[in-house]
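I have placed the structure first, in the form of structure tokens, so that the comments after it can refer back to it.
The values are calculated or read from the model by the stated rules, or taken from the named source; none is laboratory data. These numbers were taken from a predicted model, which means no experiment stands behind them. Cβ atoms come from the backbone with ideal geometry, glycine included; neighbour counts cover every protein chain shown. In case anyone asks, the SASA skips ligands and DNA or RNA and just uses the protein heavy atoms, side chains included. Shrake-Rupley method; radii C 1.70, N 1.55, O 1.52, S 1.80 Å.
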Amino acid sequence: MKFSNLLKKPLLLIAGILAVTVVAETVPTTEAVKVKSFTYDGSTLAGQIYIKNIAYTKTVTVIYSDASDNWNNNGNTIAASYSAAIAGTNYEYWTFSAPVSGIKQFYVKYVVSGTTYYDNNNSGNYQVSVTTTTTTAPTTTTSGGSSTTTGGSTTTATSVPTGVPSGFPTGNSTISSWIDGQTSVSRYAMLRNINPAGAVTGFIAASMSTSGPDYFYAWTRDSALTSHVVAYDYNTTLAGNSTILGLLKNYVTFSLNSQTTSTVCNCLGEPKFNKDGSGYSGAWGRPQNDGPASRADTFILIADSILKQTGDATYVTGTLAPAIYKDLDYVVSTWSNGCFDLWEEVNGVHFYTLMVMRRGLVKGANFASRNGDSTRATTYTNTAASIKTKIDSFWNSNGQYVSVSQSVTGGVSKAGYDASVLIASNLGSLQDGFYTPGSDKMLATAVAIESKFASLYSINQNLNGYLGNAIGRYPEDTYNGNGNSQGNPWFICTNAFAELYYRAIKEWFNNGGVTVTSISLNFFKKFDSSAAVGTKYTVGTSSFNSLVQNVAVAADAFFSTIKFHAATNGSMSEQYGRTDGLMTGARDLTWSHASLISASYAKAGSPAA
């Protein structure tokens, strides 16, 4: 038995963004660039743009005049970022969002293959006023040859942070101070477990612990999720860092070997590998088919990061693209099959696995389209649509929660409450409202799961007011970190709650607010006793500000629990005791630290892509 995962996802968040969907989107028929919609609330300008996929490398820029209608020599700009491909078309969604203290009007500039296209609303520009919410149908004009694609931050397909929205809650000031130091400690601990002494290049140890328990292996899943955090660091905190780029390429090298080496399952779903790069040959829960999906997702992020920062298209097309297709072709052929879950204990069909598969395929469809492989793009899109339909069947309307598994043929018997469902939302969702952290079904599931653990663990009784409930994997868990007796809280599961809450807050900001439904009512009642079905919290209002601050404080309570049970030097094991709260299991679990970093990005208002 082992652990699970955490990291990911999302992301540039904008109201109304759609990822690949089976419903055909109405797109422009001739225009290369066309504003779909935009909003302005007095502090943030945000919107969504149709972009014709003429070539892979492109830049899209919003140019605006300030409140006094001063264009500053066209120097007032917002870089738009790729969001998603539009199924069945050669168009993409691009989105933009940035703090703007005052604005009169704007237009959009799209540069691709030496040609510049403009959407200036039929020469009238887009007129903006506070509380503007506009859906548009503009035309475009074209000029040839004067622009290049060498500038800007949108030469990649990676969604990037858009800046913290005005009014994003600060939460608990003590935790806000602590998180910066802990993130640095966790980043050091995470990177220390990459390329450890005695292992081949690119090996990412789940932990340096070699006995009691022995976690000195590279799990496909954990390595992918950890590398996703590293790649996001490379795009943000550690942008341009050649050492980090080297580690990412090391990971790619190791993974390419993993894709071709002989394994027991003779498939890409082999869960873990030895320090010399060979497949683990002992008895284990295999296959685990979420691994290839997460690896492809991470490879795509690495590919786009490299294109953005180094422009090395040869490495992307020659090294990464074949590996991405190999993993995603495997997902296409196996998604409906049973496999072992991320906890490696249950053979069946799992919500987590399907969520990361769908994400990988949606991202992969766009990658294939941008690289001229329309056949794969269509196949990945259609498969993602089928997976989406299957995912919806995991909702338990009677219990008001998302159940963890179906079609179970072996392993632990569970009622269905499992923290991996929340991790799936953090790492596997897209910006389409489908089981995203701020969606009503995920909020309801969070309430249901937390209530199970609140009464299960002794350390959750008589909690100090600043602490949140300690969260484990699932109530029936018996794995204690080095054997079987009673399961414990896990750092990654507790971090998952903090991350989910902050991701939800960002989602509501980008959607302009949130409305309480019968499904989400119990969640909102925790933070506003007057909440009722139909209550709407609108960005910029006192009720919204109060709500998100209360949710942020609750998220920070989970961080406080992490702080309380971690070592004073920031070390985090896999688990901490359900009765004494002391760390147990594998020491300095790589995933524990990666999940903390991922959650810290969400707290800062820029959740990892």
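Computed values, structure above
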{"read-out": "Cross-link table Lys308/Lys363; Lys452/Lys536; Lys272/Lys506; Lys58/Lys388; Lys363/Lys536; Lys34/Lys388, entries beyond 26 Å C-alpha to C-alpha", "value": "Lys452/Lys536; Lys272/Lys506; Lys58/Lys388; Lys363/Lys536; Lys34/Lys388"}
{"read-out": "Farthest toward positive dipole pole in segment 33-127 [+1 Lys/Arg, -1 Asp/Glu at C-beta], among Gln105, Asn120, Ala84", "value": "Ala84"}
{"read-out": "Farthest positive-ward along the chain dipole, Cα basis, beta-carbon charges - from Leu427, Tyr56, Ala205", "value": "Tyr56"}
{"read-out": "Segment 195-201 - phi-based ³J(HN,Hα) in whole Hz, Karplus 6.51/-1.76/1.60, Gly and Pro as x", "value": "6, x, 4, x, 10, 6, 4"}
{"read-out": "Point-charge dipole on Cβ atoms (K/R +1, D/E -1) for the chain, about Cα centre, debye to 20", "value": "220"}
{"read-out": "Segment 530-603: relative contact order as a whole-number percent, Cα under 8 Å and 6+ apart", "value": "16"}
{"read-out": "Simple spin-label estimate for Thr77 and Asn484 in nanometres, 7 Å along Cα-Cβ", "value": "6.1"}
{"read-out": "Options Val551, Asn462, Val27, ranked by Cα towards positive dipole end of the chain, top entry (Cβ charges)", "value": "Val27"}
{"read-out": "Net lengthening on full extension, Ser176/Gln127 (0.36 nm per residue, minus Cα-Cα)", "value": "13.8 nm"}
{"read-out": "Solvent accessible area, Å² - Cys267, 1.4 Å probe, full protein context", "value": "40"}
{"read-out": "Chymotrypsin sites (Phe, Trp or Tyr not before Pro) restricted to segment 160-225 and DSSP loop, no more than 16 other C-beta within 10 Å", "value": "none"}
{"read-out": "Summed residue charge, Cβ within 13 Å of Thr116's Cβ, Lys/Arg positive, Asp/Glu negative", "value": "+1"}
{"read-out": "Neighbourhood net charge (10 Å Cβ-Cβ; Lys/Arg +1, Asp/Glu -1) for Ala293", "value": "+2"}
{"read-out": "Whole-percent carbon and sulfur share, accessible surface of segment 238-277, 1.4 Å", "value": "47"}
{"read-out": "Tensor-based shape of segment 196-393 (alpha-carbon gyration tensor, a/c under 1.5 rounded, otherwise prolate or oblate)", "value": "oblate"}
{"read-out": "Accessible area of segment 465-609 belonging to carbon and sulfur atoms, whole % at 1.4 Å probe", "value": "50"}
{"read-out": "Karplus (6.51, -1.76, 1.60) ³J(HN,Hα), θ = phi - 60°, over segment 43-53, in Hz, Gly and Pro reported as x", "value": "9, 10, 9, 9, x, 9, 10, 7, 10, 6, 7"}
{"read-out": "Rg to Rh quotient for the chain, alpha carbon positions, Kirkwood Rh", "value": "0.96"}
{"read-out": "Distribution of pairwise C-alpha distances over segment 247-329, 5 Å bins, in %", "value": "3, 15, 26, 23, 16, 10, 5, 2, 0"}
{"read-out": "Computed FRET value (nearest 0.05) for Thr237 with Asp392, which takes r as the C-beta separation and R₀ as 30 Å", "value": "0.25"}
